[in-house]
Amino acid sequence: MKNIAVYPGTFDPVTNGHLDIIRRAADIFDEVIVAVLVNKNKRPVFSVEERLKHLKENTQELKNVKVDFFDGLLADYMKLKKAKVAIRGLRALTDLEYEFILANTNRELNGEMETVFLMPSAKYTYLTSSMVREAYSLGGRLKNCVPPSVEKELVEKYKK
């Protein structure tokens, strides 16, 4: 039986911190599904299709990584994919309370589900997608924080 993990998120945009977590998870699990959450309450910069493209482009060398999307509950998606482990990144202590609540809520919804927390490399511990979006919206450039293809598209999106 395959040991399948799901790394859920909005990935708007995918950052080098996300990719660091994906690589770490790929070394641990037989299969990692990077699952883009479709949240109709948010107004993302990148469409679901663009986020899927960015993730596929930047994980193509990882043969045990698949990219997918879902809406609704992660607990239900995990059952559908027969995955037992959700991957969550922890950057700092400030993330812990929210992630703890989320992990326990997911376990209540799906008793077979476990959450594994992975820490990114120290150089990415400050990095968030919302920080990247804000910097680009104000004309800042963070070339070492996102893959080059994503950086190029961020510049284009915020020219408009």
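The values are calculated or read from the model by the stated rules, or taken from the named source; none is laboratory data. Given the structure is predicted, the values throughout are model-derived calculations rather than measurements. Here the Cβ is made from the backbone with ideal geometry for all residues, glycine too, and neighbour counts use every protein chain on show. Remember, those area values only see protein heavy atoms, side chains included, never the ligands or the DNA or RNA. Shrake-Rupley method; radii C 1.70, N 1.55, O 1.52, S 1.80 Å.
With respect to the conditions (1) in contact with a strand residue (DSSP E or B) (Cβ under 8 Å, 6 or more places away or on another chain); (2) touching a residue at least 60 places away in the same chain (Cβ under 8 Å), Leu90 lacks only one, and its number is (2). Of the residues making up the stretch 109-143, just one is in a helix (DSSP H, G or I), among the basic types (Lys, Arg) and more than 22 Å from Ala26 (Cα to Cα), namely Arg133. Within the stretch 148-160, no residue satisfies the criterion of being over 17 Å from Ser47 (Cα atoms) and either assigned to a loop (DSSP other than H, G, I, E, B) or touching a helix residue (DSSP H, G or I) at 6+ places or on another chain (Cβ under 8 Å) (or both). Within the stretch 140-154, residues that are farther than 13 Å from Gly17 by Cα reach partners that are open to solvent by 100 Å² or more (accessible area, probe 1.4 Å) and assigned to a helix (DSSP H, G or I) with beta carbons closer than 9 Å, at six or more positions or on different chains, in the pairs Gly140/Glu134.
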